[in-house]
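**Q** The structure that follows is given in the form of structure tokens.
Read-outs: derived from the displayed coordinates by stated rules, not from any lab. On a predicted model such as this, the values are computed, not experimentally measured, just so you know. A quick note on method: Cβ atoms are made from the backbone with ideal geometry, for glycine too, and the neighbour counts reach across all protein chains shown.
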Amino acid sequence: MMKLAGSLSEKDKEKALYEIIGVPYDGTAINKGSREGPKAIRNASQRLETFLWHKKLELSDLLYYDYGDIKLEHNHFFKAQNIAEFVLEHTRIRRVFLGGDHSVTYPLVKYLFEHGEVASVISIDAHADFRDSYRGNKFSNACVMRRIAELVGFEHIIEIGVRSSSVDEYASLNQIAIYDADVMREKGVQGVLEEIGEGEEKTYLSIDIDVLDPGIAPGVEHPEPCGLSLESLISLVQGIIKRRDVVASDVVEVNPGLDIANGITSLNAARVVFEILACYRERDNRDDYSHSEK
């Protein structure tokens with residue numbers, strides 16, 4: 001299996017400060033294909049330079065290891081214990097999960113929350129994903145943020161970039177902090193980040209790639225017009241990880257079967273993963289410096 005570009009080799013994995021873990025699941029999707037997302041993101045990463053020009057940073061120096069995919073059989077809904085082999089060994093390590101449809105976020109958050117590793121969740125997504133049930137399934141990707149809010153507490157949820165929901169969802173969104181697409185246009189990325197503010201609680205950051213405009217991310221199950229630019233999404237990632245203790249992230253809903261020939265959706269998703277890793281390191285360098293000053 002091809003690893004994410006810049007990953008440590010198998011023999012050096014014990015040096016890893018960060019982990020990449022694929023979750024190839026699309027059991028709740030109507031248009032199947034996002035189970036191929038982890039593979040597509042890894043393949044696309046090979047087309048990108050691992051030297052980030054804007055940060056003057058070589059990613060392979062960050063010491064991250066791509067563990068491959070969580071083993072799932074027959075695309076059944078996976079349980080939190082499926083990730084135990086990945087997270088028990090390194091309890092303080094920061095991670096990036098590669099989806100998979102958005103329903104994978106719930107069992108990941110559930111496991112980390114129940115083990116004291118996550119206290120709040122920020123979702124960047126075109127859709128609210130706040131239905132109580134969808135097509136008889138309470139654990140659909142259309143319900144994932146509702147289930148997570150019930151788990152960690154509605155007051156510990158932030159949603160950013162939303163521009164689509166059902167009427168029933170919309171009526172219940174006043175229970176959480178939400179910065180929708182209209183607010184994003186009005187206040188801009190920096191204005192939203194300032195309102196979100198800083199916090200010390202351990203945070204899970206979930207990024208549904210359909211938050212991007214379908215012109216640059218067509219390979220998703222439910223594209224929504226008038227989305228974010230890649231620059232805006234990267235700025236959000238930078239600002240959130242700078243302000244919050246993000247211990248785990250995911251990038252979900254890449255469906256390569258719905259993408260155009262040049263694989264632009266997977267390519268942009270890989271670029272977002274690179275940015276998350278770079279921001280993790282910047283955060284840790286800052287924290288290490290603060291601790292040394294004390």
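**Q** At 7 Å along Cα-to-Cβ for each site, give me the label-to-label distance between residue 171 and residue 138 in nm.
**A** Going by the 7 Å Cα→Cβ label model, 1.9 nm.
**Q** Which of 110/187; 13/39; 55/242; 39/242; 32/187 have a Cα-Cα distance over 25 Å?
**A** Details: 110/187 32 Å; 13/39 20 Å; 55/242 14 Å; 39/242 29 Å; 32/187 36 Å.
As for pairs spanning more than 25 Å Cα to Cα, those are 110/187; 39/242; 32/187.
**Q** Continuing with the same structure: Given a Förster radius of 25 Å and the C-beta distance between residue 13 and residue 261 as r, what FRET efficiency does 1/(1 + (r/R0)^6) yield to the nearest 0.05?
**A** On the way: r = 34 Å, r/R0 = 1.37.
Step by step, r from the Cβ atoms, then E = 0.15.
**Q** What list of ³J(HN,Hα) couplings, whole Hz, do you get for region 213-227 from phi and the Karplus terms 6.51, -1.76, 1.60, once you set θ to phi - 60° and write x for glycine and proline?
**A** My calculation for region 213-227 gives 4, x, x, 10, 8, x, x, 9, 5, 10, x, 10, x, 6, x Hz in order.
**Q** For region 47-62, in order, what is each residue's ³J(HN,Hα) by Karplus, 6.51 cos²θ - 1.76 cosθ + 1.60 with θ = phi - 60°, in whole Hz (x at glycine and Pro)?
**A** The phi angles translate into 8, 9, 5, 8, 9, 7, 4, 5, 9, 6, 10, 8, 4, 5, 6, 7 Hz.
**Q** Pick from 37, 199, 27: which residue has the top mean-square fluctuation in a GNM of the chain where Cα pairs under 10 Å get a spring?
**A** Of the options given, 199 has the highest mean-square fluctuation.
**Q** Work out how much length residue 52 to residue 200 would gain on full extension: take 0.36 nm times their residue separation and subtract the Cα-Cα distance, in nm to one decimal. Spell out each step's value before the answer.
**A** Working: separation 148, 0.36 × 148 = 53.28 nm, distance 2.74 nm.
Roughly 50.5 nm would be gained on extension.
**Q** Okay, moving on. Can you compute the modelled spin-label distance between residue 282 and residue 1, with each label point 7 Å from Cα toward Cβ, in nm?
**A** Modelled inter-label distance: 3.0 nm.
**Q** Kindly provide the helix-only [θ] at 222 nm of the chain, computed as the sum of -39,500 (n - 2.57) over DSSP H runs of four or more divided by all residues, to the nearest 500 deg cm²/dmol? Could you put the intermediate results ahead of the total?
**A** Numbers: 8 runs with 98 residues, N = 294.
The helix contribution divided over the chain gives -10500 deg cm²/dmol.
**Q** Shifting gears a bit: Among 171, 270, 142, determine the one that fluctuates most according to a GNM of the chain built with springs between C-alpha atoms less than 10 Å apart.
**A** Result for the chain, Cα springs under 10 Å: 171 fluctuates most.
**Q** Also, quick follow-up: Can you list residues whose amide H is under 5 Å from residue 69's amide H, if they're 5+ apart or on another chain and H is modeled 1.01 Å from N?
**A** Distant-sequence amide H within range of residue 69: 22.
**Q** Still on this structure, I have one more. I'd like the GluC sites (Glu not before Pro) in region 178-262 restricted to DSSP loop residues with at most 10 other Cβ atoms within 10 Å, sorted by number. Could the numbers behind the result be given before it?
**A** Values: sites: 186, 194, 195, 198, 200, 201, 221, 231, 253; in loops: 198, 221, 253.
Filter output for region 178-262: 198.
**Q** Another one. Roughly how big is region 185-232's charge dipole about its Cα centre, with Cβ charges of +1 (Lys, Arg) and -1 (Asp, Glu), in debye to the nearest 20?
**A** Working: 3 positive and 12 negative charges, 24 e Å.
Here the size comes out at about 120 debye.
**Q** For the residue pair residue 187 and residue 115, what label-to-label distance in nm results when each label sits 7 Å from Cα along the Cα-to-beta-carbon direction?
**A** So the label points at residue 187 and residue 115 sit 3.4 nm apart.
**Q** Can I ask one more? Would you mind checking which residues have amide H under 5 Å from residue 8's amide H? H placed 1.01 Å from N; only 5 or more apart, or other chain.
**A** For residue 8, whose amide H was placed from the backbone, the distant partners under 5 Å are 64, 65, 66.
**Q** Still on this structure, I have one more. For region 35-75, which trypsin sites (Lys or Arg not before Pro) are both in a DSSP coil and crowded by at most 10 other Cβ atoms within 10 Å? Intermediate results must be reported in sequence, preceding the final value.
**A** Details: sites: 35, 39, 42, 47, 55, 56, 71; in loops: 47, 55, 56, 71.
Of the trypsin sites (Lys or Arg not before Pro), the ones in loops of region 35-75 whose Cβ has at most 10 other Cβ atoms within 10 Å are 56, 71.
**Q** Please identify the GluC sites (Glu not before Pro) of region 1-76 that satisfy two criteria: DSSP loop assignment and at most 11 other Cβ atoms within 10 Å. Which are they?
**A** Within region 1-76, the qualifying GluC sites (Glu not before Pro) (loop, at most 11 other Cβ atoms within 10 Å) are 49, 73.
**Q** Then there is this: Can you give me the long-range amide H partners of residue 118? Hydrogens built in the peptide plane at 1.01 Å from N, cutoff under 5 Å, separation of 5 or more residues or another chain.
**A** Under 5 Å from the amide H of residue 118: 113.
**Q** Among the aspartates and glutamates, which fall within straight-line cross-link reach of residue 3, defined as a Cα-Cα distance under 15 Å, with same-chain neighbours fewer than 8 residues apart omitted?
**A** Correct list for residue 3: 12, 19, 36, 49, 66, 69.
**Q** Grab the Cα-Cα distance for residue 243 and residue 30, subtract it from 0.36 nm times how many residues apart they are, and report the gain in nm with one decimal. Please list the in-between numbers first.
**A** Details: separation 213, 0.36 × 213 = 76.68 nm, distance 3.57 nm.
Length gained, residue 243 through residue 30: 73.1 nm.
**Q** Here is a follow-up. What shape does the chain have by the C-alpha gyration tensor, where a ≥ b ≥ c are the square roots of the eigenvalues, rounded means a/c under 1.5, and otherwise prolate means a/b greater than b/c and oblate the rest? Numbers along the way, then the final one.
**A** Numbers: a/c = 1.27, a/b = 1.15, b/c = 1.10.
Rounded is the answer for the chain, as its axis ratio a/c remains below 1.5.
**Q** For the chain, return all DSSP H helices satisfying: extent of Cα atoms along own axis at least 15 Å; mean Kyte-Doolittle hydropathy at least -1.0. Don't skip to the answer; put the middle values down first.
**A** Details: long enough: 181-196 (16 Å, -0.13); 230-243 (20 Å, 0.84); 264-293 (43 Å, -0.64).
Correct list, ordered by number: 181-196, 230-243, 264-293.
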